[in-house]
Amino acid sequence: MFHLNSIQDLTETQIDALISLAEEIVRDKAKFREACRYKTLATLFYEASTRTRLSFEAAMHELGGNVIGFADAASSSATKGESVADTVRTVACYADIIVMRHPKEGAPMAASLKSPIPIINAGDGGHNHPTQTLADLFTIYKIKGRFEKQTIGLCGDLMFGRTVHSLIRALSRYNDIEFVLISPEELRLPDYLKEDSLNRSNVTFRETEELEGVIQELDVLYMTRVQRERFFNEADYVRLKDRYILTRSMLRNAKEDLAILHPLPRVNEIAVEVDDDHRACYFSQMLYGKYMRMALLMNMLEVSL
Ligand code: NCD
């Protein structure tokens, strides 16, 4: 049994295997209709979610399994003061695997120490979001056919954006990756990530505040929203929230095969007019996320056909 706390819990070989399985599922969905029959997924969401929770639930349904859970901590015994560890012990009596999102960094990891069943981190505060990274990697793979040799621009809230943190950890392991970190001064990537992931792996990176000055160099542009819920002060959020808005005219200088990704939800970071551009990949990205989650559930539940 293993838990998925961070994308580094998976080797590159394991990620390749998940991608192969996801591709097989896309090719022949009917074949997997009963793969998780009699298995139950519990979704414990202490923080808001649309795509992550629903794609996990859809993934389990499409594999023939069952789903239980809560979408809001307010409807759980957390409101009575129950610890996450005790909730996990309880849920382990009713389910085979848990997907947990929590506003506190490390909460799913702490829970996994007490859990008799596998736990998947579906986002812990401003820390990690490994299954979004699986969706991002599958999208990049489908569009580019490779992870190596690319210039990746990450734009927006690099300080609190957990999807960015996990994606950097994942892509830093491949050869000839160059990152362009585009953010306001106040929302720069935390130093611990620069040390742990970038410097340690000798990855080339550059920081800038200007998206327009670098857009022509990029193979992938990963836009993110400013993470309002992690701010201490509303005035700072209001000042920074519209710092980057990707418009069609800004794409004039971009490469023809640029891939524009966004984990969603989008607020204002990408103008709606960009949705029709052939380089916009963020809607297929969320569909790819479901297939990767199907592959992950099968793998962690140790089921095969
Ligand atoms: C992301 C998250 O929750 O971190 N959403 C998602 O899971 N697709 C990104 C965000 O909320 O900005």
Average accessible surface area per residue within the chain, 1.4 Å rolling probe, Å²: 43 Å²
When the convex hull of its Cα atoms is projected in every direction, mean area for the chain (nm²): 15.4 nm²
Remind me, relative contact order of the chain in percent, using alpha carbon pairs under 8 angstrom and six or more residues apart? 20 percent
Percent antiparallel among DSSP beta bridges with both residues in the chain, to the nearest 5? 5 percent
Could you order peptides 239-249, 157-167, 107-117, 196-206 by the average number of other Cβ atoms within 10 Å of their residues, highest first? 157-167, 107-117, 239-249, 196-206
Restricting to DSSP H runs of at least four residues, report the calculated mean residue ellipticity at 222 nm for the chain, -39500 (n - 2.57) per run over all residues, nearest 500 deg cm²/dmol. -9500 deg cm²/dmol
Determine the equivalent ellipsoid of the range 130-286 by diagonalising the alpha-carbon gyration tensor, then write out the semi-axes as square roots of 5 times the eigenvalues, largest first, rounded to whole Å. 21, 20, 14
For LYS114, give me every one of the aspartates and glutamates with a C-alpha distance below 13 angstrom, ignoring sequence neighbours fewer than eight places off in its own chain. ASP86
In whole percent, the fraction of accessible protein surface over the range 130-286 that belongs to carbon or sulfur atoms, probe radius 1.4 Å, stands at 46 percent
Among all the lysines, which ones have a C-alpha under 23 Å from LYS31's C-alpha, if same-chain residues fewer than 8 places away are not counted? LYS39, LYS142, LYS290
Under the Karplus relation with 6.51, -1.76 and 1.60 and θ = phi - 60°, whole-Hz ³J(HN,Hα) for the range 251-263, x at Gly and Pro, equal 7, 3, 8, 7, 5, 5, 10, 4, 10, 9, 10, 7, x
Between the range 1-43 and the range 164-230, how many Å separate their Cα centres? 27 Å
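The values are calculated or read from the model by the stated rules, or taken from the named source; none is laboratory data. Just so it is clear, the structure is predicted and the values come from calculations on it, not from any experiment. Quick reminder, even Gly has a Cβ in these numbers, built from the backbone with ideal geometry, and neighbours come from all protein chains shown. Only protein heavy atoms, including side chains, enter the accessible area calculation; ligands, DNA and RNA are left aside. Shrake-Rupley method; radii C 1.70, N 1.55, O 1.52, S 1.80 Å.
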